[in-house]
Each structure stands twice: as C-alpha cells, then as structure tokens.
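Single-structure report; data block below.
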Amino acid sequence: MSSNVSATWRAYKKGAFFANPCFTQIHPTCIPVHGDYQSKLTLMSESLRNDGRVWVPKEPGDKRPPNQIPEAERDYYLENKYPSFGNLVPRDVASRNAKEQCDQGKGVGPTGKAVYLDLSDAIKRDGKETIEKKYGNLFEMYERITGQDPYQVPMMIYPALHYTMGGLWVDYDLMSAIPGLFALGEANFSDHGANRLGASALMQGLADGYFILPYTVGGYIAGEALGDVSDDHAAFKDTEKESAERIEKLLSINGKRTVDDIHKELGNMLWEYCGMARNNDGLKKAKSMIPALKEEFWENVTVTGSAGELNQALERAGRVADFLEFGELMLDDALSRQESCGCHFNEAFQTDEGEAKRDDENYAHVAAWEYQGDGKEPRLHKEKLVFENVELTQRSYK
C-alpha cells in the first residue's frame, strides 16, 4: 500500500495527463508465492542471473528434488533458446519464458509456479567464498524466507509484476499538463518505459532529482508572478468538501467484505488479464468486470475506525478505491495499443519465435490520457516518439 497511485491519480483527475498506464515492468527473479496470505512476492536481485543458470525438468510433472535430477534430464531453456544471451536475456523475455515452462507443466515446487535458479556451477568454479561476497545477503534473505540453503539446493524463482512504468505526462522540464505541477521519478513517465522498452527507475529518479528538477523548478518560480495561496480559495474548499464526503461514505458502508479481499480480487484480475502477457479478449473481459467490482466495493466494503484518528484501514480503502479506477485506465491503454513491445505483450502480436512484434508505424508514440469526468471515457493524446540517433529494429536474443 505504500506504493500506490493516489497522488498521481488526484493530479490526473485535476487535469494532468496520465501517460502509458499499461506499461508494466515484470521482474523474473522473485521468490515464488507460498499462499493466498501474501500481499506480494519478494523481489530478489537480477544480479543473481549473472552467475545463476535457470532450468526446469525436461519432463512435465517431474517432482523429484532438484539434486536428484541428472544433468541430462534438465532443460536450461534460456540457454537453449537464446544461445547468444542465455540467462541474461531482458526481464520481459525471461519472465514470459518462465511462465511458459510452468504452463507446460514443467514448473517446480509445491505450486508448480516456479523455475530453478541454480548457482552450483558458479560455486564450483569460483568457490563459495567468492559467491558469498557477491550474493551473501541475497542467499541469507532467501534462506530466511524459504528455509532452504541456496548453497546446497537451487533457488526457486517466479516472475512478478514490479510496478507500472507509466505516470504523469511531463515535458522536458518535468512539468505536467497542469502549469506549475512538476512530477519526477516514478511519478512520471519520462524515461522508464517512455521508449516502449523500459529503463531503470533508479536512474530516472536520480536524473530527475539531481540534474533536472533543481534547475527547472527554480526557473519556473523565478519567471512567474505567483500570487498568494490560501485555503479560502474555492478550489480548496471544493476539494476539502469532496474529500470529507468520500471519507464519510467509506466509513458508513459497513459491508461484509474487507478492503484487502477486494484489493486481492482486483490484483488477480489485472495479473490474469493485463499482466506479463495480454490478449484482447482478456482485456475486454477485465474491462467488463471492474465496474461490478467497483460497485461491490462502494456497497459492501467494511472500513473500521473513525475519521478523527490515524486510521490505516481507512487509508487502505482510499488507495483501493483509486486502484479500481486506475485499473480501468490501464485496460483502456492496453486495448488501444495493438502491438507488442517490451512493456506490453499482446499475444496477437508476436514473431514466429514468440518475441514481441512492434508496430512502429502506428504505435511509436506516448499515449497520454486526459480525464473527462466520472463515467466518461478518457481522451487519448498521442505524442510521437522521434529517434534521431538510433534506428528502430526488431529485437533478437538468439
């Protein structure tokens, strides 16, 4: 809940554009799910794939412990499929292939939704001490969570959604469509995912915070005649009234379903139909399902506590209300983009080798959505992507 859409969603509903909301980063190196009680999967470091080898049993349904499966009966599927890059293929490629292996019945572990990440060859080659210096903290974290020693048995990993790469549309000064409202780092769309492939959120946050915003905000303030601001302004009073009514409504529903229950249903829905692989039928199905879930939330959710205290139950309810609305925009964006790219894989648009097939003629653009009011379809604006120093080509990791 600490990572949420509420601040950017408020800005969107006040006039800022929301860009590329369907672009999602998939992290292939997560500790697999253990049960429905988990709120999310634990993120491991991608650095493990520098030395680790990813594999599954060759035969579907093979439930032998990994150390009992001979080398000849293991499928190092990334190395076999992508001999040039092997286990170092990009995140989206590694993630889709892991899911594909599990869908074929080759998944490992109690749930069958995991693949092995094996560092035994690296330990034999470089020695345990060297590997411990590189990954000791990660090995310790894995053992604490799973109870298994990765020095002795391969790790089990599975892909998980990291977060959406989209965010508020901003110009080169990081100012949104609302004059004077700046957004940086993960709150905007500008670098991470802007090219339809993905970059680094850390890089974006550092670049925005160190090299851009300190100069552009100061320049804007210096060049504008800014009047006094007070809470007597009509916009402030309207927003205060709207927020109070929303809080009162959430607390008065007194239904039978918890916020977490509805949050989980929404998350499963978006993972299933707008996750690492999408198709038009699934996107349309989810688009038809969210209104009913949103209605269920506003009629049957239960929120304990009161408004006059630190109330985390109320905070979570507000976040999920925003997630429900944002989910609809994600689906609109995904349906509008009839191509596949690193940030968005539509199963109808893939090469003969199963890789993302872009449509640069029609979709080399930023999709910036403008709020039109509750119950109305948002308006799509397209900002063309112009590449001056790079020639667009089809990706291949063979």
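Taken together, the values in this text are just the output of simple stated rules run on the coordinates, not laboratory data. Because the structure is predicted, anything quoted here is derived from the model rather than measured. FYI the Cβ positions are ideal-geometry reconstructions off the backbone, even for glycines, and counts take in every protein chain you see.
Projecting the Cα atoms of 80, 210, 356 onto the charge dipole of the chain, computed from C-beta unit charges around the Cα centre, puts 80 farthest toward the positive end. Ordered by the number of other Cβ atoms lying within 10 Å of each residue's own Cβ, fewest first, 176, 84, 120, 45 fall into the sequence 84, 45, 120, 176.
Candidates 386, 66, 104 compared by Cα position along the dipole of the chain: farthest toward the positive end lies 66, with charges placed on Cβ. Calculated on the alpha-carbon coordinates, the convex hull of segment 25-163 measures out at 110 cubic angstrom per residue.
Taking the DSSP beta bridges in the chain as the whole, what percent of them are antiparallel, to the nearest 5?
Numbers: 27 of 31 bridges.
Expressed as a percentage, antiparallel bridges in the chain total about 85.
If N is the number of residues in the chain, what value comes out of its Cα radius of gyration divided by 2.2 N^0.38 Å?
1.09
Remark: for residue pairs 63/128; 99/285; 13/287, the C-alpha separation exceeds 26 Å in 63/128.
Helix 312-336 and the longest principal axis of the Cα set of the chain meet at an angle near 80°.
Compute the Cα gyration tensor for segment 127-184, then decide on rounded, prolate or oblate, letting a ≥ b ≥ c be the square roots of its eigenvalues: rounded whenever a/c is under 1.5, prolate when a/b is larger than b/c in the other cases, and oblate in all that remain.
Here segment 127-184 falls in the prolate category.
With the convex hull drawn over the C-alpha atoms of segment 187-273, the volume per residue is 187 Å³. Just to check, using Stokes-Einstein with a Kirkwood Rh over alpha carbon pairs, what's the diffusion coefficient of segment 164-312 at 37 °C and 0.692 mPa s in µm²/s? Result for D is 170 µm²/s.
Quick one: order 74, 379, 337, 257 by neighbouring beta-carbon count within 10 Å, fewest to most. Don't jump to the answer; show the numbers that get you there.
Details: 74 18, 379 11, 337 23, 257 15.
Starting with the residue having the fewest Cβ neighbours, the order is 379, 257, 74, 337.
What is segment 219-260 by shape, rounded, prolate or oblate, if you read a ≥ b ≥ c off the alpha carbon gyration tensor as root eigenvalues and call it rounded for a/c under 1.5, prolate for a/b larger than b/c, and oblate otherwise? Note, shape of segment 219-260 comes out oblate.
Each residue of segment 208-225 was assigned a 3J(HN,Hα) from its phi angle through the Karplus curve 6.51 cos²θ - 1.76 cosθ + 1.60 (θ = phi - 60°); the sequence is 5, x, 8, 10, 10, 4, x, 9, 6, 5, x, x, 5, 4, 5, x, 10, 8 Hz, with glycine and proline shown as x.
Our summary gives segment 25-163 a relative contact order of 36 percent, counting only alpha carbon pairs under 8 angstrom and 6 or more residues apart. Using alpha carbons only, what's the Rg to Rh ratio of segment 1-94 with Rh from Kirkwood? Rounded to two decimals, Rg over Rh is 1.12. When the Cα positions of 313, 289, 32 are compared along the charge dipole of the chain, 32 comes out farthest toward the positive end, with charges on each C-beta of Lys, Arg, Asp and Glu.
May I ask you to compute the full-extension gain from residue 215 to residue 309, defined as 0.36 nm times their residue separation minus their alpha-carbon distance, rounded to one decimal in nm?
Numbers: separation 94, 0.36 × 94 = 33.84 nm, distance 3.91 nm.
Going from the current span to full extension adds 29.9 nm.
The charge dipole of segment 25-163, taken about its Cα centre with unit charges on the Cβ atoms of Lys, Arg (+1), Asp and Glu (-1) only, comes to about 180 debye.
Full-extension gain between residue 173 and residue 6, please, as 0.36 nm times their residue separation minus the C-alpha to C-alpha distance.
On the way: separation 167, 0.36 × 167 = 60.12 nm, distance 2.28 nm.
Net length gain for the segment: 57.8 nm.
Here the simple spin-label model places points 7 Å from the Cα toward Cβ, and for residue 302 and residue 229 these points are separated by 4.0 nm.
Classify segment 276-398: rounded, prolate or oblate, from the alpha-carbon gyration tensor (a ≥ b ≥ c, eigenvalue square roots; a/c under 1.5 rounded; otherwise prolate if a/b is larger than b/c)? The shape class here is prolate.
What is the gain in length, in nm to one decimal, between residue 347 and residue 152 on full extension, counting 0.36 nm per residue of separation less the C-alpha to C-alpha distance? Numbers along the way, then the final one.
Working: separation 195, 0.36 × 195 = 70.20 nm, distance 3.81 nm.
Separation in residues times 0.36 nm, less the Cα-Cα distance, equals 66.4 nm.
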